[in-house]
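Report on the following structure.
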Amino acid sequence: MLDPTVVEAVATPGIEPAADVAQASHKKKLNWGGRVAAAILLIIVAVGLISPFLTADPIKNSSGRVIEGCGTGSGLPLYDPINCVDRRAKNAQYRGEGAVGKFTHLVGVDGAGRDVFSQMLVGTRTTLEIALGSVIGALLVGGTLGIVAGYFRGRVDYWASLIFDVFLAYPALVLALALISVRGHSVFNISFTVGIVAIPLIGRIARAATLTWAEREFVMAAKALGAKHLRVITREVLPNVLPSMMSIAFLAVGVVIVTEGSLAIIGLGVPDDVESWGKVLATGGTDLRNLSHMMIAAAVTITVTVMALNLLGDAIRQKFDVRESAL
Amino acid sequence: MAGSGTIHLRDESLIRVENLVVEFSVKGTKAKVKAVSNISFDIAEGETLGLVGESGCGKSTTGRAIMQLPRPTSGTVAFNGTVLTDLKGEALRAMRPQMQMIFQDPISSLNPRRTVHAIVGEPLKIWSKGSPAEQAAKVDEVLEAVGVDPRMARVRRPHEYSGGQCQRISIARAVVTDPKVIICDEPVSALDVSVQAQIPNLLEDMKQRYGLTLAFIAHDLAVVKNISDNVAVMYLGKMCEVGAPDEIYNTPAHPYTRALISSIPMPDPDVALDTSQRLVGELPSPLDPPSGCRFRTRCPLAQDICAQVEPQLTAVGKRHFVACHFPLITPVSIST
Amino acid sequence: MTTTSGSADSNDPIIGDPIIEAHDVGVKPAALGGDLLVVDDLHVSFRTPRGDVHAVRGLSFTLQRGRTLGIVGESGSGKSVTAKAVMGLLPKSGVTKTGTVRYDGADISDLSQEGFRKLWGTEMAMVFQDPMTSLNPVMKIGKQITESLQIKLGMDRADARETAIQLLNAVKIPAPEKRFSEYPGKLSGGMRQRVVIAMALACGPKLLFADEPTTALDVTVQAQILDLLAEQQRDRFMGMLLVTHDLGVVAGRADDIAVMYAGRVVEKAPARSLFHHLQHHYTAALLNSIPKVEYPSHTRLQAIGGRPPDMVHPPKGCSFAPRCGFATDLCVEVEPELVEHPANPGHYFACHHPVSTAVSLTATAMNGAI
């Protein structure tokens, strides 16, 4: 920031001073809801990053069954589903002397006696991988297609819009079925499938935003200056289209998380050895009488996350909206 | 074709537009919007041509057609002897720094996400003119010339400036590449009256300082008269009258010009509101313009011939031409 | 009348112009007159992240029945906010409004939204700047007019239709029966503004606000629309508030003109008096900034330098002082009161060094010499 007094001093006579410096330095802050949402999402991302250190593996007996008692596995047991009040018993357990003590599970256990909260923690990473991977992919593909379509219009627009319509018309579930039955369950395949769902979503928004921004006279001015298309797109159009693309991308992350859950319910979820929110949701769905708490846990987490995403997306759009911040 | 003619063209000119036609197709139909229909004009070096007319008369389209944005449907635009309408791709792009544009909406013509300094420096970056330090110095120079503090311009974005200042910034961006010609497309229409006056003054200064040739497009006749050396009055894609501003305003030869002049609001309560010359009716659709003279549907002097024969530009003074069957002043024959 | 033009040409304010005043009043039958709208000490401020923007700061004016008051000012002078405040169109949150507004004798300053709704259309109506956005594009033109007729005046469909067609006819829209069942998209800007005026007139308001009604239109159309507004105002004997940034627009059409600057009236006078005996340097600057057709080409235009003050921190003294060539220390320190011109009753101005002083002093000096 320039020192205001310096600026005033250098202002040559006859030059119209722009409004006061206070106005220039005024930057709009993220609104209240946006800040709360950002905090929630930060926690979720942090959990995703460090989840291996947060959970404790349950103690299993030789046949693989979870045995009652306290016990922690490797890593930092920041969350220990087994609450040992008896230090002696706990120490005994570290020595592998079998289980003693009492289980305290935050949201209960699954059919196999495993801690659901731990599953949610571990699943956070997978869910985020799927969500971010697919949405970033969709941003690249859909965004590029959309901007190119909106900028060049005409024939290019026709084909790009056709691609979006085809993607939209093609049921995601059928696509997922086909892909997963051919290539098998894997995190990548699921990301790919839900990414395709997000492409037209982001692409259409990018196209619509580009259509209005490319009409602006500064784009015409850049062309009149002899700027090449790539330069006009990256320098003039993209920075203006990006905020609306980002806010829809946040929405898309929510959509993807929900989609992953619904895929898991019909058996197209992540592989057996991987945890995800969708998987917890689906497992709960298989036995509603006994495991409804799993479903509720996953559903609440997903709902809160999606709401936070929407809130943050909205707040970001507002923050970067030039006209709204102009006052 | 008429309402056209090339009799008024001079031998020496920097910009020469001949038989310019611009048509747009309407989506989903075969109809064509005849935005500009066979007009010709020229601008001599160092001169300012004022293009004036109501909205929908094709004046802005004409301005953009000179820039080849978009390319005209037919006709030629020559710049300094080079026929722009024949140029393609890189050859046309290479001509761009010599011709610049200023637009109507001061806010919309500047990218809201970039600093003003970056916006004005962009043309130099595109053409890699000089080192970054030289570029910055040049930007500082033009910003100072248009009266915008260069120091502030490094941190401020367009929305932090008033409309008048944004228009100054647009002018700075236009002159930064040292162009020969600037097309000003309604540069004052979006501004308050109190601010409007700054822009013609500034353009005159810039013209002196950088040796510019201007095309000034506006619907405000008083502003056009003030800045122009030559005025062309357009109506529905046609040229009505061309000539020196004082002559056109003092002795308008075309009934449309007369009506335009009489509708200028006068800041004087004692000037009786003259409603006798007021234009009646609506601008006909450019999809299906009237036959013959396009102004005949609203013209108080129209006769049968006006519907059948399109008037050609004829001389009514030394540098004063009109396309009308019944001009308000008698035509003269000029020997060339 | 000869005396009128004679004294009008002289710039001598001491002589005054009683004939013009008498003439102006005489045009409108005084019996039908009376105060329609009285605004007293209106203040409006908006809460923003930067602080309160004081858009209107102590505005007072009176509009009589059947007369037109022109409010002139640059953008940001508070002229549109004034119109909105009087009409109850300001948002409730983030806005502070004080002062009294009396309409037809009744205090409407603290009227509820419901109360205003009863006034809109039947008592007061508004014509907005942009005819492209003030009509609903998916509703037929006829429907947009008949709707208020049916709701506000309880007309049945046939009556409403007939009245609407009469209205379209009154605003000189060709083939009104045909236009009645068309959508606004087919109309040009000027025609749309006519429809907007027809809508505003539909329920016979006594007070018409025209907020920059011609700014978005071409000069030729502007003249037509202003003629139409003047004609309707006269025929219906409405009070009209014509808000504009262009002195040329109000010159021949307003009975009185108030010039606003930075949320205050700086000069207020009957139209003729304002133009012939203008006192405030801002009014003079505004007038001089208009390019004149009579001037030869390449005449240097007189732009007003600088920019309007920041309304978050309005200046202490005269708000125009920073841009005024005649400002002294007094102007910067002390805010001038709005005072009546001694020789021109009804002509008010707020300036420490009015335009005429210099002129009149020289005039007196010369008279004395002779």
Practice prompt. In debye, nearest 20, what is the charge dipole magnitude of the protein assembly as shown about its Cα centre with +1 on Lys and Arg Cβ and -1 on Asp and Glu Cβ, if you could check?
Written response: 3160 debye
Discussion item. If you fit an axis through the alpha-carbon atoms of helix B:116-126 and take the longest principal axis of the Cα set of chain B, what angle between them do you get, 0 to 90°, nearest 10?
Written reply: 80 degrees
Discussion item. Sort C:His54, B:His254 by heavy-atom solvent-accessible area, probe 1.4 angstrom, most to least.
Written reply: C:His54, B:His254
Fill in: Pairwise centroid distance, computed over Cα atoms, of the stretch B:22-64 with the stretch A:271-285, Å
65 Å
Discussion item. Using the Kirkwood formula on the Cα atoms of the stretch B:84-200, what hydrodynamic radius do you get, in angstrom to one decimal?
Written reply: 14.6 Å
Worksheet, complete the sentence: Residues whose modelled amide H sits under 5 Å from the amide H of B:Val309, counting only those 5 or more places away in sequence or on another chain, are B:Cys293
Worksheet item: How much net charge surrounds B:Met234 when only other residues with a Cβ under 11 Å from its Cβ are counted (Lys, Arg +1; Asp, Glu -1)?
Response: +1
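A 19 angstrom limit on the alpha carbon distance is what I want to check against. Which of B:Lys129/B:Lys180; C:Lys143/C:Lys178; A:Lys228/B:Lys207 exceed it?
Pairs exceeding the cut-off: A:Lys228/B:Lys207.
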Worksheet entry | Relative contact order for chain C, counting Cα pairs under 8 Å that sit 6 or more residues apart, in percent | 20 percent
Worksheet item: What residue among C:Asp110, C:Asp130, C:Asp329 shows peak mean-square fluctuation when chain C is described by a Gaussian network model with Cα springs under 10 Å?
Response: C:Asp329
Fill in: Centroid-to-centroid separation of the stretch C:37-90 and the stretch C:226-305 [C-alpha atoms, Å]
17 Å
Worksheet item: What range in chain C is the longest one free of GluC sites (Glu not before Pro) that are in a loop by DSSP and have at most 11 other Cβ atoms within 10 angstrom?
Response: C:1-293
Worksheet, complete the sentence: Once amide hydrogens are built 1.01 Å from N within the peptide plane, the residues lying 5 or more places from C:Gly70 or on another chain with amide H under 5 Å from its amide H are C:Leu242, C:Asp255, C:Asp256, C:Ile257, C:Ala258
Item to complete: Just the number, please: buried accessible area between C and B, total of both chains, 1.4 angstrom probe, nearest 100 square angstrom.
Response: 3700 Å²
Worksheet entry | Most fluctuating residue given options B:Thr29, B:Thr85, B:Thr251, as computed from a GNM of chain B linking Cα atoms under 10 Å | B:Thr29
Worksheet entry | Residues whose placed amide H lies under 5 Å from that of B:Leu51, excluding near-sequence neighbours | B:Phe216, B:Ile217, B:Ala218, B:Ala232
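Suppose we keep just the DSSP beta bridges with both residues in the protein assembly as shown; what percent of those would be antiparallel, to 5?
In the protein assembly as shown, DSSP labels about 60 percent of beta bridges as antiparallel.
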Worksheet entry | Cross-link pairs beyond the 30 Å C-alpha cut-off, checked among C:Lys84/C:Lys140; B:Lys27/B:Lys88; B:Lys125/B:Lys225; C:Lys268/C:Lys292; B:Lys225/C:Lys84 | B:Lys125/B:Lys225; B:Lys225/C:Lys84
Discussion item. Can you compute the modelled spin-label distance between C:Asn169 and B:Lys27, with each label point 7 Å from Cα toward Cβ, in nm?
Written reply: 3.9 nm
Worksheet, complete the sentence: Longest principal axis of chain C (C-alpha) makes with the long axis of helix C:219-236 (C-alpha) an angle, in degrees to the nearest 10, of 80 degrees
Discussion item. How long are the semi-axes of the equivalent ellipsoid of the stretch C:283-339, defined as square roots of 5 times the Cα gyration tensor eigenvalues? Whole Å, largest first.
Written reply: 28, 12, 10
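Per residue of B:185-195, what is the mean number of Cβ atoms on other protein chains within 10 angstrom of that residue's Cβ?
Shielding by partners across B:185-195 averages 6.
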Worksheet item: With every protein chain kept in the model, how would you rank B:Thr6, A:Thr259, B:Thr330 by accessible area, 1.4 Å probe, largest at the top?
Response: B:Thr330, B:Thr6, A:Thr259
Discussion item. Can you work out the Karplus-derived ³J(HN,Hα) for every residue in the stretch B:26-32? Use 6.51 cos²θ - 1.76 cosθ + 1.60 with θ = phi - 60°, whole Hz, and x for glycine or proline.
Written reply: 8, 4, x, 10, 8, 5, 10
Practice prompt. About the Cα centre of the stretch A:267-323, how large is the charge dipole given +1 on each Lys and Arg Cβ and -1 on each Asp and Glu Cβ? Please answer in debye to the nearest 20.
Written response: 340 debye
Practice prompt. For the protein assembly as shown, build the charge dipole from Cβ charges (+1 Lys, Arg; -1 Asp, Glu) around the Cα centre, then report which of A:Ser134, B:His320, B:Pro97 sits farthest towards its positive end.
Written response: A:Ser134
Item to complete: Kindly sort C:Leu42, B:Leu87, A:Leu173 by accessible area of their heavy atoms, largest first, with the probe set to 1.4 Å.
Response: A:Leu173, B:Leu87, C:Leu42
Response to the item:
In the stretch B:1-58 the accessible area split gives carbon plus sulfur, as whole percent at 1.4 Å, a share of 49 percent
Practice prompt. Can you check what the net charge comes to around C:Gln129, using other residues whose Cβ is under 11 Å from the Cβ of C:Gln129 (Lys, Arg +1; Asp, Glu -1)?
Written response: -3
Worksheet item: In whole Hz, what ³J(HN,Hα) sequence does the stretch B:149-161 give by Karplus (6.51, -1.76, 1.60; θ = phi - 60°), x for Gly and Pro?
Response: 5, x, 5, 5, 5, 6, 10, 9, 9, x, 5, 8, 10
Worksheet entry | Dipole magnitude of the stretch C:69-114 about its Cα centre (Cβ charges: Lys, Arg +1; Asp, Glu -1), debye to nearest 20 | 160 debye
Discussion item. Counting C-alpha atoms alone, how compact is the protein assembly as shown: give Rg to one decimal and Dmax as a whole number, in angstrom.
Written reply: 35.2, 127
Worksheet item: What Rg and what Dmax come out for chain C when only alpha-carbon atoms are used, in angstroms?
Response: 21.9, 76
Discussion item. Just to verify a number: FRET efficiency for C:Arg236 and C:Asp159, C-beta to C-beta distance, R0 = 25 Å, to 0.05?
Written reply: 0.85
Discussion item. Need the C-alpha centroid separation for the stretch C:308-351 versus the stretch A:231-266, integer Å.
Written reply: 55 Å
Practice prompt. Hey, could you get me the Stokes-Einstein D for chain B, Kirkwood radius over alpha-carbon pairs, 25 °C and 0.890 mPa s, rounded to whole µm² s⁻¹?
Written response: 117 µm²/s
Worksheet entry | C:Lys143 accessible area, 1.4 Å probe, all protein chains in place, Å² to nearest 10 | 100 Å²
Worksheet item: Using θ = phi - 60° and the Karplus form 6.51 cos²θ - 1.76 cosθ + 1.60, what ³J(HN,Hα) does each residue of the stretch C:237-246 get, whole Hz, x for Gly and Pro?
Response: 6, 8, x, 10, 10, 9, 9, 7, 9, 10
Worksheet item: What net charge is computed for the residues neighbouring B:Lys207, neighbours being all others with C-beta under 12 Å from the C-beta of B:Lys207, Lys and Arg scored +1, Asp and Glu -1?
Response: -3
Worksheet, complete the sentence: In a Gaussian network model of chain B with springs linking alpha carbons closer than 10 Å, the residue among B:Leu214, B:Leu301, B:Leu143 that fluctuates most is B:Leu301
Practice prompt. Quote the accessible area belonging to C:Arg65 in square angstrom, nearest 10, computed with a 1.4 Å probe and with ligands, DNA and RNA left uncounted.
Written response: 60 Å²
Worksheet item: In degrees, nearest 10, range 0 to 90: what is the angle between the Cα axis of helix C:141-153 and the longest Cα principal axis of chain C?
Response: 90 degrees
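The values are calculated or read from the model by the stated rules, or taken from the named source; none is laboratory data. No experiment lies behind these values; they were computed from the predicted model shown. As a convention, Cβ positions derive from the backbone with ideal geometry for all residues, glycine included, and neighbour counts pool all protein chains shown. Just so you know, the surface numbers come from the protein's heavy atoms only, side chains and all, with ligands and any DNA or RNA stripped out. Shrake-Rupley method; radii C 1.70, N 1.55, O 1.52, S 1.80 Å.
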